[in-house]
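The block underneath contains the structure these notes are about, expressed in structure tokens.
The values are calculated or read from the model by the stated rules, or taken from the named source; none is laboratory data. Predicted model, so just to flag it, every value in this text is computed and none were measured. In this analysis, Cβ positions are derived from the backbone assuming ideal geometry, glycine residues included, and neighbour counts consider all displayed protein chains.
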Protein chains: 2
Amino acid sequence: MDERAALGLIGDALPDAGDDCAVVGSTVITTDMLHETTDFPPGTTRYTAGWRSVGASLSDVAAMGAAATAAVAVYGAPSFEERELRDFLRGAREVCETTGARYVGGDLDGHEEFTVATTAMGETDTPVMRDGATPGESVCVTGRIGRSAGGFRLFETDPERANELFRFEPRVAAGRAVAPHASAMMDSSDGLARSLHQLGEASDCGFAVEYDRFPVHESVETVATDGTDARELAVHFGEDFELVFTTDDPEHVREVSPVPVSVIGEVIEAGVEMDGEPLPDRGYTH
Amino acid sequence: MDERAALGLIGDALPDAGDDCAVVGSTVITTDMLHETTDFPPGTTRYTAGWRSVGASLSDVAAMGAAATAAVAVYGAPSFEERELRDFLRGAREVCETTGARYVGGDLDGHEEFTVATTAMGETDTPVMRDGATPGESVCVTGRIGRSAGGFRLFETDPERANELFRFEPRVAAGRAVAPHASAMMDSSDGLARSLHQLGEASDCGFAVEYDRFPVHESVETVATDGTDARELAVHFGEDFELVFTTDDPEHVREVSPVPVSVIGEVIEAGVEMDGEPLPDRGYTH
């Protein structure tokens, strides 16, 4: 079975799974595994790897509207080089610091491929799930999309800039600010198109969005071969960690959010369309 | 640097790391990574793998004297076979059920080698750390040691029994019962010898233990080639998940513990000795 079918199986077997985090009382918890061949292009520093992998889990905490409290990581590598390990820990600690969470350690594993498993926890009494969107509401996204796509393409020519783009800021503060006004929320790690489909499926609704309203990151223009490619990177590439959410009060949300919020369209009864055309439910093949 | 030096580096960099779990307020959290080549001998079922990997993290929660609340896991494999995945989830869920924790899900990762990353959480206002042992106290162990060694050697001849031995019961209830009376505690996953050295280092003390008082699992006798081998398996093999702890009231502890507790020796000023001879600080090479 493919990964989506397998995730469906897990969701059916475990009623607590299936959102960005599992909810246990007032605690939310999430775990992720990243590894060299798929997640860290050649040139990714261990500092960036620590930042990004722990950040990915913190982003899931943000997507529940929770306060991030702590994170741990397992560092799996063929050998433990002091410099690399120190850099990794520094990245992990620093990304936690941007969110107010504590990086409290983890474990080591001798592992053929560089592999990182991260877990983050948070606290909230009112988690925002994926299933509350209602037709007529606005659909919004924080920050800019396509940043990771830009980074990914720059590793060969400008690794320093690429690493910088890979070290995103998890939207924990924005998630906290937006949560009281959001009816459904998730992060954009699978790409904006897929996020809309997932929110639509969970909430039993659809979305009508306009590409011109998408806040596309400036790096996309730098790396894209043409306009079609740019659109592909912005809409489907994913691996960004922005929040995608629905609200009936976008103006107020924009006022309270500590980062820019763009309204990209509205919630409709069914179907996901961009500029009046069906938007396919697929990520980028990379 | 080797794994122990690397763990030392993490401990220095992160004051919250270095015990069986990190402590965040009243929550304890721990994470582990297990993978096919080192942790799951050929013949290990996915049911056993799910049980054992989640159990390893629950054992760390037990070693803090905490109530286990929840666990998550990442299932990394080259392909997702429905039967295997269902068996894994069942094992993960069932081991949680033995402790009162909820298995709340996790993530999937396409990964060349079968790899599992687990995280468990627990709650306690009075965690038992490794650093409170005092000379004159008794040193104790729960259950029986060498069970995993027995299982490991039986995979070729009796895989069903081997799998059964690999599905240990995390000592969460025992940890809860023992905690109010324990001055230092950890689990025996690195082997009893190494656990004593680690407790001694953290508490700045030593131990004098007697081999005849060790509660050796009956499977060790079945698989050992001779008495020397049996002793090696019982003392150094590790990968068991019993609790090793110190207390000034062993009789009371034996009364309140839901599982058998053996007094194996006493806390001394310095050095770790077995039957009057220095006990080397090493695990089993396997």
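Step by step: first the residues of the range B:22-57, then only those that are charged (D, E, K, R) and within 14 Å of B:E164 (Cα to Cα), then the one that is nearest to the chain's Cα centre (by Cα). Which residue is that? Among residues in the range B:22-57 that are charged (D, E, K, R) and within 14 Å of B:E164 (Cα to Cα), the one nearest to the chain's Cα centre (by Cα) is B:R52. Among the numbered conditions (1) closer than 26 Å to B:T27 by Cβ; (2) assigned to a helix (DSSP H, G or I); (3) at the interface with chain B (Cβ under 10 Å from one of its Cβ atoms); (4) of a type in the set (A, V, I, L, M, F, W, C), tell me where A:V61 comes up short. The number of the failed condition is (3). Candidates are the residues of the range B:19-51 that are closer than 16 Å to B:V116 by Cα and aliphatic (A, V, I, L, M); the one that is farthest from the other protein chains (Cβ to nearest Cβ) is B:A49. Residue count for the range A:236-267 satisfying the condition of being touching a Gly at 6+ places or on another chain (Cβ under 7 Å), surrounded by 19 or more Cβ atoms within 10 Å (Cβ to Cβ) and of a type in the set (A, V, I, L, M, F, W, C): 4.
When the range A:258-286 is limited to residues that are among the small types (G, A, S) and more than 19 Å from the chain's Cα centre (by Cα), the one that is farthest from A:H181 (Cα to Cα) turns out to be A:G276. So in the range B:89-105, with the set limited to residues that are part of a helix (DSSP H, G or I) and under 20 Å from A:V28 (Cβ atoms), which one is nearest to the other protein chains (Cβ to nearest Cβ)? If we take residues in the range B:89-105 being part of a helix (DSSP H, G or I) and under 20 Å from A:V28 (Cβ atoms), then B:R93 is nearest to the other protein chains (Cβ to nearest Cβ).
A single member of B:G143, B:G100, B:G91 is under 19 Å from the mean Cα position of the chain (by Cα) and in the same structural domain as B:A173 (by TED's automatic domain parsing), and it is B:G143.
Scanning the range A:73-88 for residues that are more than 9 Å from every other protein chain (Cβ to nearest Cβ), outside any helix (DSSP H, G or I) and acidic (D, E) turns up nothing.
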